[in-house]
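The structure appears right after this line, and notes come after that.
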Amino acid sequence: MVIRNFFTVAVANGVNRALKFLYLAYLARVLGAEYFGIVSLGYRAVLFFVALADFGLSLQGGVEVAKRREEAGEYIGSIGILKLGFSLVACLLFVGFGLSMGRTVLEQRVLALFAPLVIFSEVAFDWPLQGLEQMHHVAISRVLNGVLGWVLVHLLVSSRNEVIGAPVAMGLAGFASVLYLVIVVKAQPTMQWGWNPARAWAVLGSVLPLGISVIVLRLYNNLDIILLGAMGRQGDVGLYQAVYMIPQFLWTLGLVLMAAAIPPLARLARRSFERARRFTQGLALIVAGVTLLLGLVGGIFAPWLLTGLYGEDYVRGTLAFQLLLAALPLGMARTVLQQALPVFGWQRWFLTTIGAQIMVKLVLNVVLIRSLGLVGPAVAVVASEVVGVFGLVIVFQRDAG
């Protein structure tokens, strides 16, 4: 079941990410590094504000639905209302972020138009179906999002003067994919959504450490772009986003794998805590080994890859690209181990490990960006992933008690 669900979503997510990669590469060529930097800043900031909107409820919700399917409707209704409230607040905060970060009226408008994506992110309502292990519907929503995004970007953006069409296209694609998921979940037989305030508050209380951790994790993942943008280096933002997209695509597969693995892993942990822990550690080693080989190949052919995808202007991002590929195996292993922590009741270690990573990344970014430009954030990624994997290995080797 894990393998089938993984490959179902992996193929769909591969299509989604490939289409996103293609239309972002198209935007990089059409808009140029500076205007693509504005779009990249908005796109990456959305990922952070989505964490504010989610607050770890998706991960915890998927686990609860997998464990207690007879009460799934009540969990979906209660957690869904909580997520909607958080999403509206995060959307308003994003508008404020866009207005404050934009240096011109155009930049402010482009950034503010990314705000609806905070509500209509492609992962906004896939967690009930992950818990029910109906991954084919999640796969359809991913493909729908990618196809619509690709079509709309090409329809709405043909020159740098139409940069405002980029967030509009992405927002419409996100709305369509979320609408599909809501319709599918609502149509589930013998499932009545319900609002249980006591259960909602209990879930919110239990997820608090995880929610803070998810926010910190998203800040960790997007801190480099945000700091580059805050320092007014929009050209470097565009270059860094371009070279980051390739390893980011592979990192995403780790999240897809864990989305498929968590429901059966949660059931395995109820039967045998030790077997579940060993399974998680073995999975982390396998994905790290596979991505190590991919990273080596990509690093060797880095200049040709960047030239072919984006043009010769982006070749100066080669060193940053190679450093990010070096961090890829560590990042994949860290993703598997961190995403599995709630299954074992180790949410507090999620926050501890990612907190250590973000401190390393923050300090190194502040120190290195001014002297090394876009290479500075790449160095910070490598160092922080080393810290994260080291901490998580210690956690998983502890006596489970």
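Figure legend. Inter-residue proximity from the stretch 259-270: first residues modelled with pLDDT under 75, second residues among the β-branched types (V, I, T), beta-carbon distance below 7 Å, spacing 6+ or different chains. Indicated pairs: A259/V9; A260/V2; A260/V9.
The set of residues in the stretch 367-391 being at pLDDT 85 or above and under 20 Å from Q241 (Cβ atoms) consists of L368, V375, G376, P377, A378, V379, A380, V381, V382, S384, E385.
Within the stretch 333-360, the set of residues being surrounded by 21 or more Cβ atoms within 10 Å (Cβ to Cβ) and either closer than 22 Å to G299 by Cα or free of Cβ contacts under 8 Å to residues at least 40 places away in the same chain (or both) comprises A333, R334, T335. State whether the residues of the stretch 373-383 include one that is under 22 Å from the mean Cα position of the chain (by Cα) and more than 30 Å from F36 (Cβ to Cβ). No, because not a single residue in the stretch 373-383 is under 22 Å from the mean Cα position of the chain (by Cα) and more than 30 Å from F36 (Cβ to Cβ). Among the residues of the stretch 60-91, those identified as at pLDDT 70 or above and either of a type in the set (A, V, I, L, M, F, W, C) or not in a helix (DSSP H, G or I) (or both) are I76, I79, I81, L82, L84, F86, L88, V89, A90, C91.
Listed here are the helices (runs of 4 or more DSSP H) enclosed by the stretch 93-181 that have at least 1 residues being modelled with pLDDT of 80 or more and either acidic (D, E) or more than 29 Å from L228 (Cβ to Cβ) (or both): 105-112, 135-156. Among residues of the stretch 165-184 that are touching a residue at least 12 places away in the same chain (Cβ under 8 Å), those with a Cβ under 7 angstrom from a residue that is among the small types (G, A, S) and outside any helix (DSSP H, G or I), sequence gap 6+ or separate chain, pair up as G174/S121; V178/A124.
Of the residues in the stretch 300-309, at least one is without any contact (Cβ under 8 Å) to a residue 24 or more places away in the chain, farther than 19 Å from G37 by Cβ, crowded, with 16+ Cβ neighbours inside 10 Å and of a type in the set (G, A, S).
Of note, G289 does not satisfy the criterion of being buried (at least 17 other Cβ atoms within 10 Å of the Cβ), under 24 Å from the mean Cα position of the chain (by Cα) and of a type in the set (G, A, S).
The values are calculated or read from the model by the stated rules, or taken from the named source; none is laboratory data. Source: prediction; values computed, not measured. Backbone-built Cβ (ideal geometry, glycine too); neighbour counts: all protein chains shown.
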